[in-house]
Amino acid sequence: MKTTRLNANHKKLGAKMIEFFGWDMPVEYKGIIDEHLAVRTAAGLFDVSHMGEILITGKEALPFVQHLTPNDASRLALNHAQYTALTTPQGTFVDDMLVYCLDLGKYLLVVNAANTDKDYQWVISHLAGFNVKAENLSDSYSQLALQGPKAAEILRPLTDVRLDEMKSFWAAWGKVAGIDTLVSRTGYTGEDGFEIYTTASNPGVIWDAILESGRSLGIQPIGLGARDTLRLEAKLMLYGNDIDDKTTILEADLKWIVKFKKGAFLGSDVLLKQSEGGIRRKIVGFELLDRGIARPHYPVFVGGEKVAEVRSGTFAPYLKKSIGLVYLPIEKTEIGTEFEIGIRDKKVRARVIPTPFYKRKY
Amino acid sequence: MYPQNFFYTKDHEWVQVKGDQALVGITEFAQKQLGDVVYVELPAVGTQLDMHQTIGSIESVKAVSEVFSPISGEVADVNSELNNSPELVNQDPHGKGWILRLKVKNKADVNSLMKATEYEKFLEGLEH
């Protein structure tokens, strides 16, 4: 199994470790509910070094990135990031990701751990005709995420980066705990927070410094278990569950990352047709009306007929109710529509509700 | 760690016999595996259970686990505290986190179950 450079830190904290797509990762420390609530009320620190980093450099880096993604990367200023995707010619997902503009002709793609190799192969298979170079730098990067209402307060004393001037989706180079990093105001929890990238060999120094700085403010180390419940409350997509190569970007309710005006990109013709003709199904959020937890792959029934399977589902620790995501036929996607989910031998009532399920109030 | 007067199953349930009644729950090992318990599905009082028959299920944030009856009997009482405080299963799995009380049908059922030391050895074996 692969390990991040913070593996010993997790074990020292008594983390319960699991294998995650070939990586030895912490799934929980104190417990999923405790960790989830810590991020919502104070702060949490995540090791996300397993994620992938692909660097695109060259004269035609921008046109290359524009060709492979639906969002408009030409709108990115220096040290600016956007949420986007690698699309198939069918307008479906190879992966979802962040793109950072690090310089003229230099873009960093930050991709899901589960898809890093696939995404890199995808990128290099499309290089022909573009004056660019693509490098898979995932092994040299460590990445930490500090998320929560107290994140800025905790990070401020440790860095020369001017956090107060950093808006959401912007980044800056600087030192954290004396180590060179790229800090961005991004995250996967629905809270304010920062993602910290470094190629230094000792990211444990940053890990320890942040935990120490935040100790009196209630910071906790957070595992993959709470990472999933947090992102689901915030209705952030998880590749493999909510999006994949069979779901189009429009069906995934991500129309806002599709910028047809920028010009053609892989899958734009299919998406344009779909946007004109109307989508037949759409992902929606639901809550359960009876006791239970809806989990991925549980059957979903409308009018007694199975129409889909739950994509993501859990008991939301902050909202204290069972929520989930499912693709329903478009005529059934109105808020308030009731349907049923098969949970073992019972049919449990559910209702379409607005998303995100949770939105921070600051 | 594991009460000496309980009997244990390979599925990590425990049973404590008191006369012709028995308390049933899941073990410390099981609650740790499950993580934060959120719902406990309890059977109705009066339900007849065979040995190894499904009692119900325990839902944690990340998984659902079926609970099997360690011995045969009739459900005399369920721990309704678990409806409001399912975390009792995590906090005190051998005590306040008990799941149900059975009227014992066949006292000899416990003879095929493990005693505390055997269960502890069984757990050690699982770690390899």
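The values are calculated or read from the model by the stated rules, or taken from the named source; none is laboratory data. All figures in this text were calculated on a predicted structure; none of them were measured in a lab. Quick reminder, even Gly has a Cβ in these numbers, built from the backbone with ideal geometry, and neighbours come from all protein chains shown.
Answer yes or no as to whether A:A252 is part of a helix (DSSP H, G or I), crowded, with 21+ Cβ neighbours inside 10 Å and out of contact with any Ser or Thr (no Cβ under 6 Å at 6 or more places or on another chain).
Working: part of a helix (DSSP H, G or I): no; crowded, with 21+ Cβ neighbours inside 10 Å: yes; out of contact with any Ser or Thr (no Cβ under 6 Å at 6 or more places or on another chain): yes.
So A:A252 does not fit the description; no.
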With the condition kept exactly as written, say whether any residue in the range A:33-55 is surrounded by fewer than 22 Cβ atoms within 10 Å (Cβ to Cβ), on the phi > 0 side of the Ramachandran plot and in contact with a strand residue (DSSP E or B) (Cβ under 6 Å, 6 or more places away or on another chain). no
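Given the condition within 30 Å of A:G148 (Cβ to Cβ) and buried (at least 19 other Cβ atoms within 10 Å of the Cβ), answer yes or no: does some residue in the range A:329-346 qualify? Explain how you work it out, then say what you get.
From the range A:329-346, those within 30 Å of A:G148 (Cβ to Cβ) are A:335; that's our starting set.
Those still in the list that are buried (at least 19 other Cβ atoms within 10 Å of the Cβ) too: none.
Within the range A:329-346, not a single residue is within 30 Å of A:G148 (Cβ to Cβ) and buried (at least 19 other Cβ atoms within 10 Å of the Cβ).
Return a yes/no flag: does the range A:160-176 have any residue that is among the hydroxyl-bearing types (S, T, Y), modelled with pLDDT of 95 or more, more than 25 Å from A:D95 (Cα to Cα) and not assigned by TED's automatic domain parsing to the domain that holds A:V110. Can you show your working first?
First pass over the range A:160-176, keeping only residues among the hydroxyl-bearing types (S, T, Y): A:168.
From the residues that got through so far, the ones that are modelled with pLDDT of 95 or more too are A:168.
If we keep only those that are more than 25 Å from A:D95 (Cα to Cα) as well, we get none.
No, the range A:160-176 has no match at all.
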Scanning the range A:267-295 for residues that are within 14 Å of another protein chain (Cβ to nearest Cβ) and crowded, with 17+ Cβ neighbours inside 10 Å gives A:L288, A:G292, A:I293, A:A294, A:R295
Among the residues of the range B:73-112, write down those that are within 14 Å of chain A (Cβ to nearest Cβ) and β-branched (V, I, T). B:V89
What number of residues in the range A:257-269 are within 22 Å of the chain's Cα centre (by Cα), more than 9 Å from A:P89 (Cα to Cα) and outside any helix (DSSP H, G or I)? 2
Assess whether A:I206 counts as being in contact with an Asp or Glu (Cβ under 7 Å, 6 or more places away or on another chain) and of a type in the set (V, I, T). no
What are the residue pairs meeting all of these: first residue in the range A:211-225, first residue away from chain B (no Cβ under 14 Å), second residue assigned to a helix (DSSP H, G or I) and modelled with pLDDT under 95, Cβ atoms under 6 Å, and 6 or more apart or on different chains? none
Quick check on A:F20: is it within 16 Å of the chain's Cα centre (by Cα), more than 21 Å from A:S201 (Cα to Cα) and in the same structural domain as A:L217 (by TED's automatic domain parsing)? yes
I'd like to verify a number: residues in the range B:61-78 that are among the β-branched types (V, I, T) and assigned to a strand (DSSP E or B), how many? 4
Go through (1) buried (at least 18 other Cβ atoms within 10 Å of the Cβ); (2) away from every other protein chain (no Cβ under 11 Å) for B:V38 and report which single condition fails. (2)
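Return yes or no: is A:E60 under 20 Å from the mean Cα position of the chain (by Cα) and either surrounded by fewer than 19 Cβ atoms within 10 Å (Cβ to Cβ) or among the acidic types (D, E) (or both)?
No: the conditions fail for A:E60.
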Only one of (1) more than 19 Å from B:P3 (Cα to Cα); (2) surrounded by fewer than 14 Cβ atoms within 10 Å (Cβ to Cβ); (3) within 15 Å of the chain's Cα centre (by Cα) is not met by B:E127, so which one is it? (3)
Considering the range B:1-23 alone, what residues qualify as being farther than 11 Å from B:H94 by Cα, part of a strand (DSSP E or B) and polar (S, T, N, Q)? B:Q21
From the residues in the range B:42-51 that are surrounded by 15 or more Cβ atoms within 10 Å (Cβ to Cβ) and assigned to a loop (DSSP other than H, G, I, E, B), which one is nearest to the other protein chains (Cβ to nearest Cβ)? B:L42
Identify, please: which residue in the range B:11-50 is touching a Lys or Arg at 6+ places or on another chain (Cβ under 9 Å) and touching a residue at least 60 places away in the same chain (Cβ under 8 Å) and is, among those, farthest from A:I32 (Cα to Cα)? B:D20
